[in-house]
Amino acid sequence: MSKIVDEVLSANAAYAAKFGDKGKLPMPPGRRFAILTCMDARLDPAKYAGLAEGDAHVIRNAGGRASDDAIRSLVISYKLLGTREWFVIHHSDCGMLTFTEPVMAELLASSLKPAKLEAAGWRDVGPGPGSPEGRYINWLSISDNAKSVVEDVTRIRAHPLVPDDIPIYGYIYDVKSGRLNEIKDATEAGRARRAV
Ligand SMILES: [Zn+2]
């Protein structure tokens, strides 16, 4: 068994041993909110936002972007599972700031193996062949953090499947301090059109 699998299963055994009453938690999040945030390993939404099991939905992807799939989860979160406020939380030093769409497409076109980040940007160091398939995916890379939060909140707000009475708040998590900093233009763009 891989070392990581071993570690995960042993941590899980310890967790399950102290599971207590959590088996009785209902499915809908008790605090009725959802967070869309980045998959970055330095971000722990349960810690930075004070969540316990059963409290909230956390939807994660590369960048915390409002992709169609993130919106799919948010719509289910609201329509079927009772959340009534949403956060979009991007963060400083995000990997999504380190490349552009054509860069990712060209890296994959030359090799599928890991690329290396150098002063001049990403460079393929692995062998080919690559695949042109990367050119058909929107990687949702980020060029400006504050702008991307506004863009994502605005996209969610304007989405035809998102009701207008749900407020959407925009924040950037600072990986140096652990603080959430509000992006006022995003929260303004995400303001509920009617009272909650
Ligand atoms: Zn990130």
Seminar exercise, completed: If we keep only residues of the range 44-69 that are in a helix (DSSP H, G or I) and without any contact (Cβ under 8 Å) to a residue 40 or more places away in the chain, then the residue nearest to the chain's Cα centre (by Cα) is 69
Exercise. Restricting attention to the range 71-78, does a residue exist that is surrounded by fewer than 17 Cβ atoms within 10 Å (Cβ to Cβ), assigned to a loop (DSSP other than H, G, I, E, B) and over 14 Å from the mean Cα position of the chain (by Cα)?
Worked result: no
For this session: Might you let me know whether the range 18-37 holds any residue that is in contact with a helix residue (DSSP H, G or I) (Cβ under 8 Å, 6 or more places away or on another chain) and either in a helix (DSSP H, G or I) or closer than 30 Å to residue 124 by Cα (or both)?
Result: yes
Exercise. Given the residues 17, 56, which is the only one that is more than 16 Å from the ligand (Cβ to nearest atom), farther than 25 Å from residue 189 by Cβ and of a type in the set (A, V, I, L, M)?
Worked result: 17
Exercise. Are there any pairs with C-beta distances below 6 angstrom linking a residue in the range 88-109 that is within 8 Å of the ligand (Cβ to nearest atom) and open to solvent by less than 30 Å² (accessible area, probe 1.4 Å) to a residue that is small (Gly, Ala, Ser) and part of a loop (DSSP other than H, G, I, E, B), with the two at least 6 apart or on different chains, and if so which?
Worked result: 96/141
Exercise. With 135, 60 as the choices, which residue is surrounded by fewer than 18 Cβ atoms within 10 Å (Cβ to Cβ) and in contact with a helix residue (DSSP H, G or I) (Cβ under 6 Å, 6 or more places away or on another chain)?
Worked result: 135
Exercise. Can you find even one residue in the range 28-51 that is under 16 Å from residue 173 (Cα atoms), modelled with pLDDT of 95 or more and of a type in the set (Lys, Arg)?
Worked result: yes
For this session: Could you identify the single residue in 152, 164, 144 that is open to solvent by 40 Å² or more (accessible area, probe 1.4 Å) and either within 20 Å of residue 60 (Cα to Cα) or β-branched (Val, Ile, Thr) (or both)?
Result: 144
For this session: Name the one entry in 172, 142, 168 that is touching a residue at least 60 places away in the same chain (Cβ under 8 Å) and either over 16 Å from residue 94 (Cα atoms) or small (Gly, Ala, Ser) (or both).
Result: 168
Seminar exercise, completed: When residue 114 is run through (1) away from the ligand (no atom under 16 Å from the Cβ); (2) touching a residue at least 12 places away in the same chain (Cβ under 8 Å); (3) within 20 Å of residue 186 (Cα to Cα); (4) surrounded by fewer than 15 Cβ atoms within 10 Å (Cβ to Cβ), the failure sits at (3)
Exercise. Which of (1) under 24 Å from residue 22 (Cα atoms); (2) among the β-branched types (Val, Ile, Thr); (3) surrounded by fewer than 17 Cβ atoms within 10 Å (Cβ to Cβ) is the odd one out, the single condition residue 83 does not satisfy?
Worked result: (3)
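The values are calculated or read from the model by the stated rules, or taken from the named source; none is laboratory data. All values derive from a computational prediction rather than experimental measurement. Reconstructed Cβ throughout: ideal geometry from the backbone, glycine too, with neighbour counts over all protein chains shown. Side chains are part of the model used for accessible areas, which takes the heavy atoms of the whole protein and leaves out ligands, DNA and RNA. Shrake-Rupley method; radii C 1.70, N 1.55, O 1.52, S 1.80 Å.
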